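We did not get these values from a lab; they are worked out from the coordinates using the rules stated. Small disclaimer: the values here were computed from a predicted structure and weren't measured. With ideal geometry, Cβ positions are generated from the backbone for all residues, glycine too; neighbour counts draw on all protein chains shown.
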Amino acid sequence: MAAVIRPARAEDLPAMLELYLHLSPDNAAPRPAIAEAAWHALLHSGLTTVFVAEEHGQPLASCTLVVVPNLTRGGRSYAVIENVVTHAAHRRRGLGQAVLQAALDAAWAADCYKVMLASGSKQEATLRFYEAAGFTRGTKTFFEARRR
């Protein structure tokens, strides 16, 4: 069966929490009330779309697209992709590429002038995965601030 690529739905929350363990195994899952509130905001903000690759009713890969309204670049939005994950038992099947392509297609349909994606991985295979999905190693320097 070929995977179905679709936006996430409310009932996907339990499966998504399981899938995210393959992204950050050491990261504790949020308390149920926090998870439900965040999931509702992700699905209903109008700015975010969580794309999933599903087989047999089970999300096996996902990424989140955020389209940010903008007053520069002629008012064209830009987008950010975050939380790219594929279930460890289903990697190297094109599922991650498929959700990234869906996110890129949505960003281009929203007339975004660019899409940004940051990876904490230093593994060359992971970096090549993103390049194969259409991303380039950027010319800009990336900075971040994390709350302690």
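Just to check, using Stokes-Einstein with a Kirkwood Rh over alpha carbon pairs, what's the diffusion coefficient of region 79-146 at 37 °C and 0.692 mPa s in µm²/s? Please report the intermediate quantities before stating the final value.
On the way: Rh = 13.1 Å.
Calculated translational D: 250 µm²/s.
Give the share of C-alpha pairs in each 5 angstrom bin for region 1-42, from 0 to the last occupied bin, in whole percents, shortest bins first.
5, 19, 27, 27, 14, 6, 3
I'd like the per residue volume of the convex hull spanned by the Cα atoms of region 54-102, given in cubic angstrom.
81 Å³
Where both partners of a DSSP beta bridge lie in the chain, what percent of those bridges are antiparallel, to the nearest 5?
Taking every DSSP beta bridge with both residues in the chain, the antiparallel ones total about 85 percent.
Amide H neighbours of Leu60 under 5 Å, counting only residues 5+ apart in sequence or on other chains, H built in-plane at 1.01 Å?
Placed amide hydrogens put Ala53, Glu54, Glu55 under 5 Å from Leu60.
Find how much the distance from Lys140 to Val68 grows on full extension, using 0.36 nm per residue of separation minus their present alpha carbon separation; answer in nm with one decimal.
In short, 24.0 nm is gained.
Helix-only mean residue ellipticity at 222 nm, the chain, DSSP H runs n ≥ 4 weighted -39,500 (n - 2.57), per residue, nearest 500. What is it?
Estimated from H runs of four or more residues: -9500 deg cm²/dmol.
Quick one: order Thr86, Thr139, Thr64 by neighbouring beta-carbon count within 10 Å, fewest to most.
With the fewest neighbours first, Thr86, Thr139, Thr64 line up as Thr139, Thr64, Thr86.
Rounded to the nearest 0.05, what FRET efficiency is calculated for Ser24 and Arg76 with R0 set to 30 Å and r the Cβ-Cβ distance?
Computed FRET efficiency for Ser24 and Arg76: 0.40.
Ratio of Rg to Rh for the chain, alpha carbon only, Kirkwood?
Checking Rg against Rh, the ratio lands at 0.95.
Most exposed first by the Cβ proxy, i.e. fewest other Cβ within 10 Å, how do Phe129, Phe143, Phe135 rank? Numbers along the way, then the final one.
Working: Phe129 20, Phe143 5, Phe135 17.
Ranked by crowding around the Cβ, least crowded first: Phe143, Phe135, Phe129.
Apply 1/(1 + (r/R0)^6) to the Cβ-Cβ distance of Arg128 and Ala10, taking R0 = 41 Å, and write down the FRET efficiency to the nearest 0.05.
0.75
Assigning unit charges at the beta carbon (Lys, Arg +1; Asp, Glu -1) and nothing else, what dipole magnitude in debye, to the nearest 20, does the chain show about its Cα centre? Please list the in-between numbers first.
Values: 16 positive and 13 negative charges, 120 e Å.
Rounded to the nearest 20 debye, it is 580 debye.
What number do you get for region 1-87 when its Cα radius of gyration is normalised by 2.2 N^0.38 Å, N = residues?
Rg over 2.2 N^0.38 Å, computed on Cα atoms: 1.18.
Count the net charge of all other residues whose Cβ sits under 15 Å from the Cβ of Thr139, scoring Lys and Arg as +1 and Asp and Glu as -1.
Combined, the nearby Lys, Arg, Asp and Glu give +2.
Rank Gly75, Ala53, Thr139 by how far each Cα sits towards the positive end of the charge dipole of the chain (+1 on Lys, Arg Cβ; -1 on Asp, Glu Cβ) and give me just the farthest.
Thr139
Could you calculate the FRET efficiency of Ala118 with Leu47 from 1/(1 + (r/R0)^6), where r is the beta carbon distance between them and R0 is 22 Å, rounded to 0.05?
0.75
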